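Participant: The structure that follows is given in the form of structure tokens.
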Amino acid sequence: MRHRPATPSRTPLPPLVVGLSVLLIVSLVCGVGLGAAGLGWAEVFRFLWAGLTGGSIHADDIASYTIVWEIRLPRVVLGAVVGAGLSAVGVAVQAMVRNALADPFVLGISSGAAVGANAVILLGAFAGLGVWALSVSAFASALAAMVLVYTVAQSQHGLTPLRLVLTGTALAYGFEAVTTVMVFGAARGEAARSAMMWLLGSLGGATWAQVPLAAVTVAAGWAWLRLRAEALNALAMGDETSAALGVQPGRLRRELFLVTAAVTGTVVAVSGAIGFVGLMVPHVVRMLVGADHRRVLAVAPLAGAVLLVWADLLSRLLLAPAELPVGVITAVVGVPAFLLLMRRGGYAFGGR
């Protein structure tokens, strides 16, 4: 039996998916071509072609080639992956806790990851891991936070939406307190600045080595969510309704918690805590295609990828050669957009 929400679809899905796919490709090209270095488009395309085909580069062009292939391209690709992951997880979390204000960070995973990341930045923890220290420490602490939230939120009734939200929020405040103590106790001002950049989200440290794991994790998480889209439709109607439709809400919520926590931990480990993407994108997509999770999950990752690529590009250009945290850009865009969404008469958050 198929569980379809009552909200009607509005925009035909195939043209929207094709249009967003083309826009994403254009966005990736713009993200690579634009920047403080001021490279010409002919040079950019020549370097991209050389990188893709293994062509030779003149010695005088090594610096410019490195900017394009080793700095900008992995950054925009990772930005697209992170944006897609946050958007897909945002859809799932809002269904899991039946809360329109939920986002991937409501479970406290990102705040837990921040503790590990700042232990590396401020205290030099895991220095033996070299360039992997930050990502490994952030991911490990995100997993520890996930286990703690899961353990505390468990009750005789299983994982209920209210207990998940309250537990995640409470523990997030605790993790943030630990992070704040670490930042204020930092002996070096530059280390504290780096910590704040990470806390607000930044793709400045992106490398090719980070892309495969993040991409595989996001793709696997998205594929699982797509397979469970019908069950998500039922879960969004409430536990009693979903049980009547043959879905076990407790078991599904546990599975969703593990998948969303794994994806969130992975993307936060490589990008920091980038807010508003997982909160805003699902609502915008529902306005376009309706509330059916099969349709929403087909569009949300593409929309999130486009949004984050452009947000990161703006973070690089607005104060060039300095950079803003990308989380600042998503907040500047997200706050007014979210307020406009709430004022729209034709869209009700959470279907109410």
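Participant: Where in segment 9-112 are there helices (runs of 4 or more DSSP H), lying wholly inside it, with at least 2 residues that are of a type outside the set (G, A, S), touching an Asp or Glu at 6+ places or on another chain (Cβ under 9 Å) and open to solvent by less than 20 Å² (accessible area, probe 1.4 Å)? First the steps, then the outcome.
Facilitator: Working: elements: 13-33, 41-53, 62-65, 73-97.
Here the list reads 73-97.
Participant: Further question on the same structure: Within segment 321-330, is even one residue open to solvent by less than 30 Å² (accessible area, probe 1.4 Å), among the polar types (S, T, N, Q) and under 19 Å from V211 (Cα atoms)?
Facilitator: Residues of segment 321-330 that are open to solvent by less than 30 Å² (accessible area, probe 1.4 Å), as a first pass: 325-327, 329-330.
Filter once more, so that each one left must be among the polar types (S, T, N, Q): 330.
From what is left, the residues that are under 19 Å from V211 (Cα atoms) are none.
Within segment 321-330, none of the residues are open to solvent by less than 30 Å² (accessible area, probe 1.4 Å), among the polar types (S, T, N, Q) and under 19 Å from V211 (Cα atoms).
Participant: Looking at segment 41-70 only, could you name the residues that are hydroxyl-bearing (S, T, Y) and under 32 Å from the mean Cα position of the chain (by Cα)?
Facilitator: Filtering segment 41-70 down to residues hydroxyl-bearing (S, T, Y) leaves 53, 56, 64-66.
Across segment 41-70, the qualifying residues are T53, S64, Y65, T66.
For (1) closer than 18 Å to S202 by Cβ; (2) in contact with a Lys or Arg (Cβ under 9 Å, 6 or more places away or on another chain); (3) modelled with pLDDT of 85 or more, each residue gets a yes or a no:
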{"site": "R75", "(1), (2), (3)": "yes, yes, yes"}
{"site": "A92", "(1), (2), (3)": "no, yes, yes"}
{"site": "G128", "(1), (2), (3)": "no, no, no"}
{"site": "L134", "(1), (2), (3)": "yes, no, no"}
{"site": "T151", "(1), (2), (3)": "no, no, yes"}
{"site": "V165", "(1), (2), (3)": "no, no, no"}
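Participant: Against the definition (of a type outside the set (D, E, K, R), modelled with pLDDT of 90 or more and either under 30 Å from W132 (Cα atoms) or open to solvent by less than 20 Å² (accessible area, probe 1.4 Å) (or both)), how does V211 come out, yes or no?
Facilitator: yes
Participant: Any chance you could count how many residues in segment 275-291 are open to solvent by 10 Å² or more (accessible area, probe 1.4 Å) and either among the acidic types (D, E) or outside any helix (DSSP H, G or I) (or both)?
Facilitator: Residues flagged as open to solvent by 10 Å² or more (accessible area, probe 1.4 Å) and either among the acidic types (D, E) or outside any helix (DSSP H, G or I) (or both) within segment 275-291 amount to 3.
The values are calculated or read from the model by the stated rules, or taken from the named source; none is laboratory data. If you're wondering where the values come from, they're calculated on a predicted model, not measured in any experiment. All Cβ positions, even for glycine, are placed from backbone atoms using ideal geometry, and neighbour counts span all protein chains on display. Surface areas here come from the heavy atoms of the whole protein model, side chains and all, with no ligands, DNA or RNA. Shrake-Rupley method; radii C 1.70, N 1.55, O 1.52, S 1.80 Å.
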